[in-house]
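First the structure, in the form of structure tokens, and then the observations on it.
Every number here is computed from the coordinates shown, using simple stated rules; none is lab data. All of these numbers come straight from a predicted model, not from anything done at the bench. Every residue, glycine among them, receives a Cβ derived from its backbone with ideal geometry; neighbour counts consider all protein chains shown.
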Amino acid sequence: MSVYLEKLAEFSALLRQEGLPVGLQETADACEILTALDMRDKQTVKLALQAVYAKSREEQAAFQRCFDGFFVSAERRDAIRRKREEAAREMAQRRQDAQQEMQVNGQSMDLREDLQEVYVNMSEEKREQLRQMLEKMKGNLHRSPKLYSNFIRSVFMRFLLEQQMAMEDASVASEELDPELALLYRDISQFKEADIPRAAALIVAISRQLDAELSRRRQGRGHSGKLDFRRTIRKGLETGGSFYRLTFRRKRRKKRRLVLLCDVSGSMLQFSEFALRFIKSMSEVSESSQTFLFSEEVREVDPFALQNMDAFRDYVRASGLFGRGTDLGGALEDLNRRRPAVLGPSTTLLILSDTKTIDLPRAAQALIEARRQAGKVLWLNPIPQRKWPYMASIQTMASLCQMAPCSTLDELARSCRRMIKG
Amino acid sequence: MDIAALQNKLDEAKYICGGEVATTLLVALQLGRPLLIEGPAGVGKTEIAKVMASALDREMVRLQCYEGLDESKALYEWNYQKQLLSIQVQMNSRDAGELTKSLFSDDYLLERPLLKAIRSEKPVVLLIDEIDKSDEEFEAFLLELLSEMQVTIPEAGAIRAKSIPFVILTSNRTRPLGEALRRRCAYLYLQYPDIPRETAIIRAKRPNVNEHLAVQVAQAIHGLRESESILKKPSIAETLDWVSALEALGASDLTPEAAGQTLGFVLKSSEDLEAAREVLGHPGHTCGHGHGEGHSHCGACGQDK
């Protein structure tokens, strides 16, 4: 029994490592359910434990992955162990080969450890490319050995960094399990034609949540402290003049207005389908929204154009903004200047852009002014967050407003939730 | 009760579901935990509570959530009129302190669904429907009930449950629910049934319908749910309504004409109807949806020709 409990505790710890908020209660429940119910097959045990441990659809996916990896038969465990040992041996050999290949002038290149790992994991074809390049450059070795070493090292660094980014992108795509959930985690620029219907439905659901939270009418529970005499007296008449129920004034909440500013310039082309669908969904679910598109200029979207997706796509293409350069500063200055005012204290300005713009200082100034005028400025960025540190424009803009990634639909949903709460 | 017994009871109540539903229900029952069921509208979340009430032979108490729902509608309210009358009648005959005390007793308490569920002598099935429609404050208010099986009334103190109700919460995921609420519940995600299961549901609920028509309707419904142009996806109840309508017309085959005449039972907006007719309306298709000669795949029913 104690072995059994130990195993369950280990499984709970594994789930915790995977980000599931598993506490003692869940482990105790799992233990109770396994001892109380006579479950003979693995599938039933899996379903029973899933009901206890996973408390959302997303958690169910993580749970299934952990369960399948943790509870395996002895034969399968042996097979996995053998495979791992073999892979480890192969990797050790590759590392050794790589050490020899990453030498210049007979000395190690002194590359970062993670880049050395990239070289080890690179395909044979890519490694061959580097080898050929080394071969070509060999003639320069005798002219200036030091310059040659530095040059080769920098070429290696650049090539390996590019490979590292490509591998990261590939691993994001390979984490797919449940096709429906996988869509949540796939880069929005990688959506295929067949994904569009389901992605569109998810975008609508996320937009609805975002709008519901932004414009939620909170009914005052309790009171704001001020007695409403007129209503109290009128209510008192119902009970023979005794002021039995006191009525208090309630603060009125103004519904927030949403202003969408969407980048449709050349750099955003790969995200355009997502961006247009997001705009359309937001305008459908939010009664009080205004939408602006920008690239080199800014233009307000005619609400009639948003009635159906094909018409909207045609409208955007015909607008002359699609696929051109980006002048975010100009667009924001235009919004700030508009009369009657577009931005105000009860407005939330939602910017959807990758931050790539001409004249960054001017754009930053205009964003500061927009932040002053609007009640709230939120920025959704379709560039994956892991690439943010390499882009100065993102760092500048993120320091001026609340920026959240939306490179996948899951990120979009999470960002929306976080931004609303923050 | 074991899984097979529960599955039998669900079958008897004509609730056709897979092993996941039965196992999760049994786990929640065994642990005495509330069960949170999420999924799109019309997949049978509310129906589970009704079926469980009948399977467990318990009364069902339902609390329908909406924005602005508070404890006076969900838990209790004092019967002000009765209290006032009592004051006037007994003012001169009773001691003031005693009278005041008596005003906050059971006699003046109006039970709302939550209080009714926990004060019931026999355990009930408590359905808290569409919890995502209520405010976050109400969600927080529910925590005491869900974890301790008790509620606190300021004038009367904590009231512990006389019998432990089987609590089922449903949500359409229109807003994310708090972690605290989720942690207190067992969890089940319901999806639309696949074609064989939907056919089985049609056969169970409408036994007079012929097998061929049941399969055709299930395929067509599946196609409509998959179609991007249909905004409001048809629910299982609407599938059954459609079958009933086709039965009433005496249709034994889902022809474009029969589908056209009865589509209003499945789709409830002019845009959706128009989009569906476009898919179903082309002549010359063996599955009844028609796409002309060149097409190899039916968008409505998902059938390959």
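Tabulated data
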read-out: Label-to-label distance, nm, for residues given as A:Ser108 and B:Ala4 (7 Å Cα→Cβ offset); value: 6.5
read-out: Rg [Å, one decimal], Dmax [Å, integer] - region B:71-144, C-alpha atoms; value: 16.3, 50
read-out: In sequence order, calculated HN-Hα J values of region A:352-368 (Karplus, 6.51, -1.76, 1.60; Hz; x Gly/Pro); value: 10, 7, 8, 6, 6, 8, 7, 6, 4, x, 5, 4, 5, 4, 5, 5, 4
read-out: Whole-angstrom Cα spans of region A:247-398 along principal axes, big to small; value: 57, 36, 32
read-out: Computed Kirkwood radius, in angstrom, where 1/r is averaged over Cα pairs of region A:231-337; value: 16.6
read-out: Whole-number D in µm² s⁻¹ for chain B, Kirkwood Cα-pair radius fed into Stokes-Einstein, 37 °C, 0.692 mPa s; value: 148
read-out: Nearest-0.05 FRET efficiency for A:Arg16 and B:Glu111, computed from C-beta distance (R0 41 Å); value: 0.50
read-out: Vicinal HN-Hα couplings computed from phi for region A:149-154 (Karplus, 6.51 cos²θ - 1.76 cosθ + 1.60; Hz; Gly/Pro x); value: 4, 4, 5, 4, 4, 5
read-out: Region B:143-197 - Rg and Dmax from Cα coordinates, angstrom; value: 15.8, 55
read-out: Ranking of B:Ile159, B:Ile230 by count of other Cβ atoms within 10 Å, fewest first; value: B:Ile159, B:Ile230
read-out: HN-Hα J in Hz across region A:374-387 - Karplus 6.51, -1.76, 1.60, θ = phi - 60°, x for Gly and Pro; value: 8, x, 8, 10, 10, 10, 9, 10, x, 6, x, 4, 5, 8
read-out: Low-density loop cleavage sites - trypsin sites (Lys or Arg not before Pro) in region B:137-230, where at most 15 other Cβ are within 10 Å (DSSP); value: B:Lys162
read-out: Geometric extent, Cα atoms of the protein assembly as shown - Rg, Dmax (angstrom); value: 31.6, 118
read-out: At 0.890 mPa s and 25 °C, Stokes diffusion of region B:177-243 via Kirkwood alpha-carbon radius, µm² per second; value: 182
read-out: Amide proton proximity set for A:Arg257, modelled H, under 5 Å, gap of 5+; value: A:Thr347, A:Thr348
read-out: Residues whose placed amide H lies under 5 Å from that of B:Trp78, excluding near-sequence neighbours; value: B:Leu110
read-out: GNM flexibility winner over chain B from B:Glu98, B:Glu257, B:Glu148 (Cα, springs under 10 Å); value: B:Glu98
read-out: Residue with peak Gaussian network fluctuation, chain B [Cα springs, cutoff 10 Å], from B:Leu56, B:Leu188, B:Leu25; value: B:Leu56
read-out: Taking region B:27-176 and dividing mean pair separation by its residue count, relative contact order in percent (alpha carbons under 8 Å, at least six apart); value: 37
read-out: Spacing of the two label points (7 Å from each Cα toward its C-beta) at B:Ile159 and B:Ser244, in nm; value: 3.7
read-out: At q = 0.26 Å⁻¹, base-10 log of I(q)/I(0) for region B:217-274 (Debye sum, equal scatterers on each alpha carbon); value: -1.15
read-out: Over region B:1-159 - Rg/Rh using Cα atoms and the Kirkwood inverse-distance radius; value: 1.09
read-out: Separation of alpha-carbon centers, region A:16-35 and region B:163-209, rounded to whole Å; value: 23
read-out: For A:Leu378, residues with placed amide H under 5 Å, excluding near neighbours; value: A:Leu349, A:Leu350, A:Ile351
read-out: Relative contact order for region A:339-413, counting Cα pairs under 8 Å that sit 6 or more residues apart, in percent; value: 34
read-out: Inter-label distance for A:Arg131 and B:Thr255, nm, one decimal - labels placed 7 Å from Cα along Cα-to-Cβ; value: 7.2
read-out: Over region B:1-115, relative contact order from alpha-carbon pairs under 8 Å, at least 6 apart, %; value: 24
read-out: Cβ-Cβ FRET estimate between B:Gln30 and A:Lys42, R0 fixed at 25 Å, reported to 0.05; value: 0.85
read-out: Within straight-line cross-link reach of B:Lys268, aspartates and glutamates at Cα separation under 15 Å, skipping those fewer than 8 residues along the same chain; value: B:Glu238, B:Asp241
read-out: Bins of 10 Å, starting at 0 and running to the largest distance - Cα pair percent for region A:1-94; value: 14, 43, 28, 12, 3, 0
read-out: Links that overshoot a 30 Å alpha carbon limit, given the list A:Lys235/B:Lys73; B:Lys9/B:Lys116; B:Lys205/B:Lys233; A:Lys235/B:Lys45; value: A:Lys235/B:Lys45
read-out: Directionally averaged projected area (convex hull, Cα atoms, region A:355-415), nm²; value: 4.2
read-out: Most mobile of B:Gly19, B:Gly260, B:Gly157 in a GNM of chain B (Cα contacts under 10 Å); value: B:Gly157
read-out: Axial C-alpha extent at least 20 Å, average Kyte-Doolittle at least -0.5 - helices from chain B (DSSP); value: B:211-226
read-out: Partner chain coverage, peptide A:38-50 - average Cβ within 10 angstrom; value: 4
read-out: Assigned charges on the beta-carbon of Lys, Arg, Asp, Glu; region A:26-83 dipole about Cα centre (debye); value: 440
read-out: Quarter of the Cα convex hull surface for region A:279-358, i.e. its orientation-mean projected area (nm²); value: 5.6
read-out: Cα point-scatterer Debye curve for region A:310-394, base-10 log of I(q)/I(0) at q = 0.23 Å⁻¹; value: -1.21
read-out: Residue-span extension gain [B:Glu136 to B:Arg197] - 0.36 nm each, minus C-alpha spacing; value: 18.4 nm
read-out: Total charge dipole magnitude, the protein assembly as shown, about the Cα centre, Cβ charges on Lys, Arg, Asp, Glu only, Debye to nearest 20; value: 2720
read-out: Dipole-positive endmost among A:Ser242, A:Pro382, A:Leu115 within the protein assembly as shown (Cβ charges, Cα centre); value: A:Ser242
read-out: Distance histogram in 10 Å bins (all Cα pairs of region B:114-235, percent per bin); value: 11, 29, 24, 21, 13, 3, 0
